[in-house]
Amino acid sequence: MTGGCAHISLDNIEKSSSFSIKHPESTSLGKLFASAMERHVGQSGLLLLDKGEEALVWRGVLADSAQRSIDAQYFIWEEDNTGTIAAEYLLRAANRGVRVRVLIDDFPINTKPRYLALLDAHPNIEIRIYNPAGEISSSVVTKLLSAAYDLKRFNQRMHNKAYIVDGSITILGGRNIADEYYDMHTSYNFRDRDVLAIGPIVQKVTHGFDIYWNSKWAVPVNALIKQNTTEQERHDYYTALHKYAQDPNNHPQRFHRSLVEGSNELASIADRVVWGSVELINDVPGKNDDPEKLDAFGRSGKKLTEIALQAQHEILVQTPYLVMMPGTFAVVKKLIDRGATVRIHTNSFASTDNLPAFAGYVRHREKILQHGVELYEQKAQPVSRQHLIDRHKHLGESTVFALHAKTAVFDRKTVFIGSFNLDPRSTHLNTEMGLLINSSEFAEKVAAIIERDMGLDNSWHVTLDEMEELEWISTENGREVRYANDPYIGVWKGIKLFLFSLFPIQDLL
């Protein structure tokens, strides 16, 4: 592969079909959960992973525990510290004979094609790319040139995030594979949320993965990278990966100790989870049954709208991007007219990582408040990071902690945790997935966490004053403060937002 921009058709690509393993109950993990599942027939067990380092440790524990299969589906897999170590864990599993399937979206790929080819060359590892515009390249310019052949298709991305081990346990939610999702970045980290699940829901997640894996949208790496790798090259690369992962300087200080503790906790995980009935929300590959109808909801948007309209008392929402469309405003109006409370927690100007989306939000912020929504914006340096980030003392005071969790709690009975943002891309373009959890115990726990995140030490409460002007209310050093404009923004960031505001943002999203 020479880094060209040859257009790739999704039709008539040679590839073999493969499916999730049969009889997952025969694996060590399957046997570990068998008795608990017999006591909770029809229910799944759920463990909230609210802290980044904890979510990373559990992925490592499960990779080390795998006997037969690991399936990973992500929008982003960076070749940074976290991404490199995660790849090495998969390689170690593959060396034990575990079958590893990795499906990642094409557009965010930021790695040298050669490295993907070397990993894919392992007999137990296969990597597929979702909706590639052309040959794999880390250059955004090259991808955009390739995409010019079919911009409508290129705009459809796979935003799903799932990690499945031995068909017996899964982790899914908002986290991709990169430093900032696990509190490992030195300047910018995400406040995110995953859920670990056991029980019958895992079979549904594995079936959903198979649908994507075997669809025309998933293209094998060897069809996109025209490179042959030698045995010596593979040996050298794998050796370098192992050496990197074994260096304690490349891990959090407590990582190996946490892995041992996590392995010990795995044996009793069925006693720690909350049990409830769980439904998988999962879009079909391509988002809509008719790929040409980009104005049509996918399954995820339809289901979440249906659940929201059933709420009688309260909806709590966390979404990093809040770009409400006419249909969303109509749902909100129906809820508030019947007396329900709608509270939304999203990013502030100071914390957001996505200025185009924020520009779309700013256009409708006053309208959102006029509809009766209670609105809270995440501070860039919230007090909550002291207990959410284990290594917060090692990060500078200027390190941003941005919201990335995608969560909704309905009437303190039902919880959605997944990849769905409250914006047009999630509704119409990106494929999304998540779990709909029916458990009052779990819902109350998540609601309390969201309310803490909305607290005035962690967020600004955005309101309209007596003159119908925007006002930001918060506490700083124990004192109430009020702002008449978006707090704590830099000049350059303000200029960029102004430039984005000149364009039809919803069309760009």
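Observations on the model:
- The C-beta contact set for the stretch 343-358 (first residue assigned by TED's automatic domain parsing to the domain that holds residue 487, second residue small (Gly, Ala, Ser), distance under 6 angstrom, 6+ apart or interchain) comprises 347/402; 350/380; 351/380; 351/402; 353/402.
- Flag if residue 133 is in contact (Cβ under 8 Å) with a residue 60 or more places away in the chain and crowded, with 23+ Cβ neighbours inside 10 Å: yes
- Here residue 208 fits the description: buried (at least 19 other Cβ atoms within 10 Å of the Cβ) and more than 30 Å from residue 458 (Cβ to Cβ).
- Matching option when the condition is outside any helix (DSSP H, G or I) and touching a residue at least 12 places away in the same chain (Cβ under 8 Å), among 446, 409: 409
Conditions tested, residue by residue: (1) surrounded by fewer than 19 Cβ atoms within 10 Å (Cβ to Cβ); (2) out of contact with any helix residue (DSSP H, G or I) (no Cβ under 7 Å at 6 or more places or on another chain).
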| site | (1), (2) |
| --- | --- |
| 386 | yes, no |
| 399 | yes, yes |
| 405 | no, yes |
| 415 | no, no |
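- Summed over the stretch 363-374, residues that are among the aliphatic types (A, V, I, L, M), surrounded by 18 or more Cβ atoms within 10 Å (Cβ to Cβ) and part of a helix (DSSP H, G or I) total 1.
- Count - residues of the stretch 412-443 that are out of contact with any Leu (no Cβ under 9 Å at 6 or more places or on another chain), assigned to a strand (DSSP E or B) and under 21 Å from residue 107 (Cα atoms): 1
For every residue, the table says whether it meets (1) closer than 29 Å to residue 42 by Cα; (2) charged (D, E, K, R).
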{"site": "229", "(1), (2)": "no, no"}
{"site": "234", "(1), (2)": "no, yes"}
{"site": "247", "(1), (2)": "no, yes"}
{"site": "261", "(1), (2)": "no, yes"}
{"site": "266", "(1), (2)": "yes, no"}
{"site": "282", "(1), (2)": "yes, no"}
{"site": "285", "(1), (2)": "yes, no"}
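- When residue 79 is tested against (1) surrounded by 20 or more Cβ atoms within 10 Å (Cβ to Cβ); (2) out of contact with any Asp or Glu (no Cβ under 8 Å at 6 or more places or on another chain); (3) modelled with pLDDT under 95, just one condition goes unmet, and that condition is (1).
- Residue check: residue 241 meets all listed conditions (1) of a type in the set (A, V, I, L, M, F, W, C); (2) within 25 Å of residue 197 (Cα to Cα); (3) in the same structural domain as residue 46 (by TED's automatic domain parsing) but one, namely (2).
- Cβ-Cβ distances below 6 Å connect no pair with a first residue in the stretch 170-183 that is in the same structural domain as residue 104 (by TED's automatic domain parsing) and within 16 Å of residue 433 (Cα to Cα), a second residue that is at pLDDT below 95 and of a type outside the set (Ser, Thr, Tyr), and a separation of six or more residues or different chains.
- Within the stretch 23-73, being free of Cβ contacts under 8 Å to residues at least 60 places away in the same chain and among the hydroxyl-bearing types (Ser, Thr, Tyr) holds for one residue alone: 26.
- Residue check for residue 225: in a loop (DSSP other than H, G, I, E, B), touching a residue at least 60 places away in the same chain (Cβ under 8 Å) and among the aliphatic types (A, V, I, L, M): yes
Yes/no per residue for (1) of a type outside the set (Asp, Glu); (2) at pLDDT 95 or above; (3) in contact with a Pro (Cβ under 7 Å, 6 or more places away or on another chain); (4) under 29 Å from residue 287 (Cα atoms):
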residue: 362; (1), (2), (3), (4): yes, no, no, yes
residue: 366; (1), (2), (3), (4): no, yes, no, no
residue: 371; (1), (2), (3), (4): yes, yes, no, no
residue: 394; (1), (2), (3), (4): yes, no, no, no
residue: 420; (1), (2), (3), (4): yes, yes, no, yes
residue: 425; (1), (2), (3), (4): yes, no, no, yes
residue: 428; (1), (2), (3), (4): yes, no, no, yes
residue: 432; (1), (2), (3), (4): no, yes, no, yes
residue: 440; (1), (2), (3), (4): yes, yes, no, no
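- Which numbered condition residue 377 fails, given (1) in a helix (DSSP H, G or I); (2) closer than 17 Å to residue 487 by Cβ: (1)
- Residues satisfying the stated conditions in the stretch 313-338, i.e. more than 18 Å from residue 303 (Cβ to Cβ) and without any contact (Cβ under 8 Å) to a residue 24 or more places away in the chain: 326, 337
- For residue 321, the criteria (1) surrounded by fewer than 19 Cβ atoms within 10 Å (Cβ to Cβ); (2) touching a helix residue (DSSP H, G or I) at 6+ places or on another chain (Cβ under 9 Å) hold in every case but one, which is (1).
- Segments classed as helices (runs of 4 or more DSSP H), wholly inside the stretch 238-344, with at least 2 members that are modelled with pLDDT of 95 or more and more than 24 Å from the chain's Cα centre (by Cα): 299-310, 326-337
- In the stretch 454-496, the qualifying residues are those that are of a type in the set (A, V, I, L, M, F, W, C), at pLDDT 95 or above and outside any loop (DSSP other than H, G, I, E, B), and the one that is surrounded by the most Cβ atoms within 10 Å (Cβ to Cβ) is 460.
The values are calculated or read from the model by the stated rules, or taken from the named source; none is laboratory data. These numbers were taken from a predicted model, which means no experiment stands behind them. Cβ sites come from the backbone with ideal geometry, for glycine too, and all protein chains shown count toward neighbours.
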